[in-house]
Amino acid sequence: MDYKSYIAEKLNIEGATKEEITSLIVTPPDNSMGDYALPCFKFAKILRKPPVAIATELKNSFEIDDVIVKVTAVNGYLNFTVNRQGKASAVLKEILLKGEEYGSSTLGNGKTVCIDYSSINVAKPFHIGHLSTTVIGGALYKIYKKLGYNVVGINHLGDYGTQFGKLIYAYKEWGDREAVEKGRVKELMRLYVKYHDEAEKNPSMDDKAREYFKLIEQGDKECNELFKWFKELTLLDVDKVYKQLGITFDSYNGESFFNDKMGVVIDELQQSGLLVESEGAKIVNLEEYGMPPCLILRSDGASLYATRDLAAAYYRKKEYDFDKCLYVVAYQQNLHFKQFFKVLELLGKPWAKDMVHVAFGMVSLEDGTMSTRKGKVVFLEDVINKCCEKALSVINEKNPDLENKEETANAVGVGAVIFGALSSSRIKDIVFSYDKVLNFDGETGPYCQYTYARALSVLRKGGEIGLYDDNYALNDDEYNLLSLLAEYPEIIKQSAEKYEPSMITRYAVDVSEAFNKFYFDCKILGEEEGVKNFRLALTFATKTVIKNALSLLGIKAPEKM
Ligand code: ARG
């Protein structure tokens, strides 16, 4: 039941559509005056009357019914009180009936969304800087699925460039198969760093490295086998982390996959006259749009990052026929995406408008940012493990007899990391703090998990939930909690529309806070049957929604903590 449109439907305001009225209706934070309010000063101009008069007139003509049971006009506001019992029955019934499916919709049926996320670089560390793209993309993946979309998760691997020639050089020169098998990315990085140290003294090495890279491109067997192996080793390393974070992909087609697929793009650019020569290179001039040129081919004929992204976009459109193609990539690449989308538009692709750069801010650790160059890398795996260890020590201290301690600690540690990364709107830079994300009393994953476990414990003690009193008059704590639960489907939709998983973390915290307030203010188990059962049903609905919301973020909800 959508109360705002229900109210708007019943109001007749000259010159304002139902949608306009709906969008103006608010839910006041303090509901002592009513559960919904319409500020009437917005209509003063069209109706040429003072807001107070408008509110009074609207009040007099509004017919109350068994949904909206009271209307008042106060200081130019129209306040509506809903039939709380009616709302409660409807909402509880829906949640109990749908369970895990509560919040799903068919909105996206028949539509496809591609999400390019995580998109790691081969033979490079999977570090804390990749946290946001991985968990924002992972959450959007689950959110869109929940809304009925066909979702294609793509890990656009960074597996192209002369660095792979360098790596082959280094491996052939100083590498050892066993050591690489064992050390994986860490060993490959060691070789890469060694290459750079040596190449400083002996620059001719770079020519050889470039040659190796060319050999990869030309399909040389040995070089390709090595290259493939480096890729496999990298994926073995990151898969561990993906598993912990509950992240999956449908495609690992990375940059090198498009090696032989750039021809169409280049031909079309040429035919449309967009491709121009500049200092030997081929570019698309974007001066008119206030941007530097988009580089398509270097003077030696090599393609660039943008060329491969253009080819990948063509491929995705053809292969998946997406309605939207999202790129979850840091804001440092704003210009790249603006240029690349502009080029698609200039190429006359009507679907250029469906390309979205889902940008996000930087993550740094409290003790300063990480830097790959200086080898001061913070591996994501280490961050997650450290959170799990810290969670285990909290559990050991607070609840030493808990069964499955390790498993629970892992769920809490991982939950803390994911929730922490998704806690503020994505564009904000974040400073990652272990203490902050693991604070059981803060606005954190562990706090929501703890609330979930608390609700389950109430339900265990309460036993079977019997019939509750349909005429039970909800108090404010109960009503606030219930209203939040009712908003869940809408929150999912909005978070998809805005590409903002932080709306789900915010929501999970709000529900948890409302539940805890209800839990501390209202007795549940000692009450008479009708009341007790209502409160147990509300508790059941709450735990269902918390678990559901956490699962959209890839966070598990342990039964006991
Ligand atoms: N591998 C790139 C990086 O680490 C991100 C790739 C993003 N996806 C894309 N299609 N450009 O910066």
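We did not get these values from a lab; they are worked out from the coordinates using the rules stated. Note that the coordinates shown come from a computational prediction; the quantities given were computed from them, not determined experimentally. Please note: Cβ atoms are built from the backbone with ideal geometry, for glycine as well, and neighbour counts cover all protein chains shown.
Taking the fewest neighbouring Cβ atoms within 10 Å as the starting point, the ordered list for 477, 35, 176, 435 is 435, 176, 477, 35.
Give me the percent relative contact order of segment 10-51, please, defined on Cα pairs under 8 angstrom at least 6 residues apart. Contact order relative to length: 28 percent. Note on segment 73-120: Cα Rg divided by 2.2 N^0.38 Å, N the number of residues, gives 2.06.
Placing unit charges on each Cβ (+1 for Lys and Arg, -1 for Asp and Glu) gives the chain a dipole about its Cα centre, and among 540, 162, 466 the Cα reaching farthest toward its positive end belongs to 162.
With all projection directions averaged, the alpha carbon convex hull of segment 139-286 covers 12.9 nm².
With 18 Å as the limit, the listed pairs 142/324; 194/240; 142/243 have 194/240 beyond it between alpha carbons.
Residues of segment 316-358 with amide nitrogen under 15 Å from the 7 Å Cα-to-Cβ point of residue 261? Only 316-322, 325-326 fall inside the zone, counting backbone N under 15 Å. Determine the alpha carbon to alpha carbon distance for each of 145/349; 214/317; 172/201; 317/498; 124/386 and list only those over 25 Å. Check vs 25 Å cut-off fails for 145/349; 214/317.
Within straight-line reach of residue 93, meaning a Cα separation under 14 Å, sit the following aspartates and glutamates at least 8 residues removed in sequence or on another chain: 101, 469, 470. Using just its DSSP H runs of length 4 or more, each adding -39500 (n - 2.57), the chain gives a mean residue ellipticity at 222 nm of -17000 deg cm²/dmol after division by all residues. Remark: segment 265-378 projects, on average over all directions, an area of 9.5 nm² (convex hull of Cα atoms). Over segment 435-561, the fraction of Cα-Cα pairs per 5 Å bin, rounded to whole percents and listed from the shortest bin up, is 2, 11, 21, 23, 19, 12, 7, 3, 1, 0. Given axes a ≥ b ≥ c from the Cα gyration tensor, I'd like to know whether segment 419-510 is rounded (a/c under 1.5), prolate (a/b larger than b/c) or oblate. Judged from the Cα gyration tensor, segment 419-510 comes out oblate (a/c at least 1.5, b/c at or above a/b). The lysines within cross-link reach of residue 282, meaning a Cα-to-Cα straight distance under 19 Å and a gap of 8 or more places when in the same chain, are 261, 338, 342. Taken over segment 374-466, the alpha-carbon convex hull comes to 123 cubic angstrom per residue.
Counting only Cα atoms, the chain measures 86, 66, 39 Å along its principal axes, largest extent leading.
Taking a ≥ b ≥ c as the square roots of the Cα gyration tensor eigenvalues, segment 269-312 comes out rounded, since a/c falls below 1.5.
The fraction of Cα-Cα pairs per 5 angstrom bin, counted from 0 for segment 44-126, comes to 3, 11, 11, 10, 9, 9, 9, 11, 10, 7, 4, 4, 3, 1, 0 percent, rounded to whole percents.
Exposure proxy shown here: for 419, 164, the number of other Cβ atoms within 10 Å sets the order, fewest to most, as 164, 419. Taking every C-alpha pair closer than 8 Å and separated by at least 6 residues, the mean separation divided by the residue count of the chain gives a relative contact order of 15 percent.
Normalise the Debye intensity by I(0) for segment 1-153, one equal point scatterer per Cα, no solvent, then take log10 at q = 0.14, 0.19 Å⁻¹ and round to two decimals. The computed values of log10 I(q)/I(0) come out as -0.83, -1.07.
Normalised radius of gyration (Cα atoms, divided by 2.2 N^0.38 Å) for segment 204-344: 1.20. Of the residues 366, 500, the one with the fewest other Cβ atoms within 10 Å heads the list, and the complete ranking is 366, 500.
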